[in-house]
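Down below is the structure, laid out as structure tokens.
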Amino acid sequence: MTFHYGVTSVSSLKVICKRVVAVLGGGDDAVNLLIETCCAETLAGLYPDNTPERLGVGVTQIDQIALDDIHQEGEQRHFDLIAQEFGYDIKKTRLSYLAFNPELAVIIARLVYKRKPQAIPETLCGRADYWKEFYNTAAGKGSCLHYFDNVAEVLGEEWR
């Protein structure tokens with residue numbers, strides 16, 4: 001297996017997701033959502049991107065609009081926690097920084113999801129719908145079936 005975006009293994013990506021949620025909150029459902037988002041967007045780093053520093057960037061495929069929203073509307077208390085625990089200055093983060101830094105990409109994805117008032121669902125089906133509505137959006141090419149298939153491909157059928 002060849003990983004991209006700075007990912008070294010699926011297990012290392014899981015560790016990153018757990019650490020990010022330990023700092024920014026959300027519990028097991030948030031950990032699962034972040035891991036599954038990585039699966040849906042890039043097969044957890046196994047799917048290479050032909051445009052690694054623009055459009056959707058990094059293992060979580062963040063775009064400039066999402067990053068701009070975080071810069072403008074993100075909460076300073078979260079930025080402070082991230083600076084303290086991870087050493088990143090989110091307000092100075094550029095899209096290209098996410099291309100080969102899975103930790104930073106997962107942090108930004110968590111911040112994107114934190115801006116949504118709805119609770120993260122407990123089920124895979126619920127999280128697939130949540131991802132489609134709040135992350136991939138109606139304009140995105142992804143579907144709930146795509147989410148399920150990618151999660152199953154990376155994490156196995158038993159994840160369901």
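Below, the figures for the structure above:
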quantity: Sole residue being over 19 Å from Ser143 (Cα atoms) and touching a strand residue (DSSP E or B) at 6+ places or on another chain (Cβ under 7 Å), chosen from Ala105, Ala22; calculated: Ala105
quantity: Qualifying positions in segment 116-142 - surrounded by 14 or more Cβ atoms within 10 Å (Cβ to Cβ) and not in a helix (DSSP H, G or I); calculated: Ile120, Pro121, Gly140, Gly142
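Okay, residues lined up against (1) part of a helix (DSSP H, G or I); (2) touching a helix residue (DSSP H, G or I) at 6+ places or on another chain (Cβ under 7 Å); (3) of a type in the set (A, V, I, L, M); (4) at pLDDT below 95:
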| residue | (1), (2), (3), (4) |
| --- | --- |
| Thr8 | no, no, no, no |
| Ile16 | yes, yes, yes, no |
| Val21 | yes, yes, yes, no |
| Ile35 | yes, yes, yes, no |
| Ala44 | no, yes, yes, no |
| Asp69 | yes, no, no, no |
| Ser96 | yes, no, no, yes |
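Okay, residues lined up against (1) within 13 Å of the chain's Cα centre (by Cα); (2) surrounded by 14 or more Cβ atoms within 10 Å (Cβ to Cβ):
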{"site": "Ser9", "(1), (2)": "no, no"}
{"site": "Ser12", "(1), (2)": "no, yes"}
{"site": "Val31", "(1), (2)": "yes, yes"}
{"site": "Ala40", "(1), (2)": "yes, yes"}
{"site": "Ala44", "(1), (2)": "yes, yes"}
{"site": "Asn50", "(1), (2)": "no, no"}
{"site": "Val59", "(1), (2)": "yes, yes"}
{"site": "Ile62", "(1), (2)": "yes, yes"}
{"site": "Ile65", "(1), (2)": "no, no"}
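The values are calculated or read from the model by the stated rules, or taken from the named source; none is laboratory data. Being a predicted model, the structure only gives us computed values, none of them experimental. Glycine also receives a Cβ, built like all others from the backbone with ideal geometry; neighbour counts cover every protein chain displayed.
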